[in-house]
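The values are calculated or read from the model by the stated rules, or taken from the named source; none is laboratory data. As the structure is a computational prediction, the values presented were derived from the model and not from experiment. Note that we place each Cβ from the backbone using ideal geometry, even for glycine, and neighbour counts take in every protein chain shown.
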Amino acid sequence: MNTTEFRILTKMKEFILLLDKALMNFPKKEKVLHDRLENTTYETLELIFYANLKEKDIEEQRRIISKISMIDYYLELSLKKQYINEKLCKNLCDELRNITKMIYGWIKING
């Protein structure tokens, strides 16, 4: 595992901790969105681990980008439904943006 992938894993783990705090405030009636956000985030972490094992697999890295796009959408929806505030949404989206940039760098290195 090189340092780029390790930083991506670290950032994703930090994002999960930040998101977990936000998910605590979701109303019980919004179980679907809550679960989608949580599951997609953990699936993304799993894909990062998996992509690390496969040498130069750009397709897996693109799947990670796709999952991150879904997380971004779920966050946007959470903001519109007022389950998270604008400041928290911005922080989470900024973290996702940083992770996305790192993954694009990873793709560039492997491509």
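Figures for the structure shown
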| read-out | value |
| --- | --- |
| Cβ pairs under 9 Å, 6+ apart, first in segment 50-64 and more than 11 Å from Lys108 (Cα to Cα), second at pLDDT below 85 and basic (Lys, Arg) | Glu60/Lys54 |
| Checklist (1) touching a residue at least 24 places away in the same chain (Cβ under 8 Å); (2) within 13 Å of the chain's Cα centre (by Cα); (3) surrounded by 15 or more Cβ atoms within 10 Å (Cβ to Cβ) applied to Ile84, failing item | (2) |
| Hits in segment 73-104 - residues which are among the aliphatic types (A, V, I, L, M) and assigned to a helix (DSSP H, G or I) | Leu75, Leu77, Leu79, Leu88, Leu92, Leu96, Ile99, Met102, Ile103 |
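A quick yes/no check of all residues on (1) within 16 Å of the chain's Cα centre (by Cα); (2) part of a helix (DSSP H, G or I); (3) at pLDDT 95 or above:
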residue	(1), (2), (3)
Leu37	yes, yes, yes
Glu55	no, no, no
Glu59	no, yes, no
Arg62	yes, yes, no
Lys67	yes, yes, yes
Ile71	yes, yes, yes
Trp106	yes, yes, no
